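I have placed the structure first, in the form of structure tokens, so that the comments after it can refer back to it.
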Amino acid sequence: MKQIFLTHAKYLQDKDKKIVALLDTLSNDDREKDRGGYYKSLSELFRHIAGAQGIFLGALQSSLPADYKAKSLSLPDAKALPEGVLTETQWKEIKAFSERANQALVDILNSLSDGDLKIQTKWFTGDMVPLSYVLSQLLVHTVHHQGAISQILDEMKIDNDFSGISARFL
């Protein structure tokens, strides 16, 4: 089970890099333009993905027993992300945050065993759930919003293809 999560985490990491590469080809005004969605701009949507990853990672890490290697990993702090319309410098901060969050997810997964995925943690609703549930939600959440970015890029007639998991992630 851990290997499945790790494969998906590496895929999401790669996909975020591809999204950033495409968004970097746009002007800051194009990234910041209101596209009519809940998360109005492409940069706001990407910031939401990165920030949520930081929050999920914190929940995962805090659920682990004190002696776990992943407990000592340095995680990016989602509270430090800039809000509102981004400057070019703030866009770079979001990109760096995303890279750190994606790598932290891979590092945490590499430090866990299949049995660790059964560790119970408190979910946002107050329910106790296994770590595997939190990981599933993180992955689904990220894919959902990456799909929204893909849709906006399609509407902008910007070629993108984030579908499919390559065997290179195994």
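Determine which member of the set Gln120, Gln61, Gln103, Gln53 is under 30 Å from Met156 (Cα atoms), open to solvent by 10 Å² or more (accessible area, probe 1.4 Å) and not acidic (Asp, Glu).
Gln103
Quick test for you: out of Asp67, Asp30, Asp34, pick the one residue that is in a helix (DSSP H, G or I), open to solvent by 40 Å² or more (accessible area, probe 1.4 Å) and not aromatic (Phe, Trp, Tyr).
Asp30
Considering only the range 127-155, how many residues are open to solvent by less than 40 Å² (accessible area, probe 1.4 Å), within 26 Å of Pro65 (Cβ to Cβ) and either hydrophobic (A, V, I, L, M, F, W, C) or part of a loop (DSSP other than H, G, I, E, B) (or both)?
Count: 6.
Exactly one of (1) part of a helix (DSSP H, G or I); (2) open to solvent by 40 Å² or more (accessible area, probe 1.4 Å) is unmet by Ser43. Its number?
Only one criterion in (1) part of a helix (DSSP H, G or I); (2) open to solvent by 40 Å² or more (accessible area, probe 1.4 Å) is unmet by Ser43, namely (2).
Since Gln90 meets every condition but one in (1) at pLDDT 90 or above; (2) within 20 Å of His8 (Cα to Cα), which condition does it not meet?
If we test Gln90 against (1) at pLDDT 90 or above; (2) within 20 Å of His8 (Cα to Cα), just (2) comes out false.
How many residues does the range 6-25 hold that are open to solvent by 20 Å² or more (accessible area, probe 1.4 Å) and not hydroxyl-bearing (Ser, Thr, Tyr)?
Residues meeting the conditions: 10.
Residues in the range 102-126 that are in contact with a helix residue (DSSP H, G or I) (Cβ under 6 Å, 6 or more places away or on another chain), of a type in the set (Ser, Thr, Tyr) and outside any helix (DSSP H, G or I): how many?
Residues flagged as in contact with a helix residue (DSSP H, G or I) (Cβ under 6 Å, 6 or more places away or on another chain), of a type in the set (Ser, Thr, Tyr) and outside any helix (DSSP H, G or I) within the range 102-126 amount to 1.
Return a yes/no flag: does the range 87-101 have any residue that is over 17 Å from Gly51 (Cβ atoms), in contact (Cβ under 8 Å) with a residue 40 or more places away in the chain and in a helix (DSSP H, G or I).
Yes, the range 87-101 contains at least one residue that is over 17 Å from Gly51 (Cβ atoms), in contact (Cβ under 8 Å) with a residue 40 or more places away in the chain and in a helix (DSSP H, G or I).
Report yes if Ala70 is closer than 26 Å to Leu117 by Cβ and under 14 Å from the mean Cα position of the chain (by Cα), otherwise no.
No, not satisfied.
Quick one: Leu75 ticks every box in (1) outside any helix (DSSP H, G or I); (2) of a type outside the set (Phe, Trp, Tyr); (3) more than 14 Å from the chain's Cα centre (by Cα) bar one, so which box is it?
The failed condition is (3).
Those residues that are basic (Lys, Arg) and open to solvent by less than 70 Å² (accessible area, probe 1.4 Å), I need them from the range 72-100; list them, please.
If the condition is that a residue be basic (Lys, Arg) and open to solvent by less than 70 Å² (accessible area, probe 1.4 Å), then Lys95 is the only one that fits.
The values are calculated or read from the model by the stated rules, or taken from the named source; none is laboratory data. Only a predicted model underlies this, so the values are computations on that prediction, with no experimental measurement involved. Using ideal geometry, Cβ is built from the backbone for each residue, glycine included, and neighbour counts are taken over all protein chains shown. Ligands, DNA and RNA are excluded from the accessible area calculation, which covers all protein heavy atoms including side chains. Shrake-Rupley method; radii C 1.70, N 1.55, O 1.52, S 1.80 Å.
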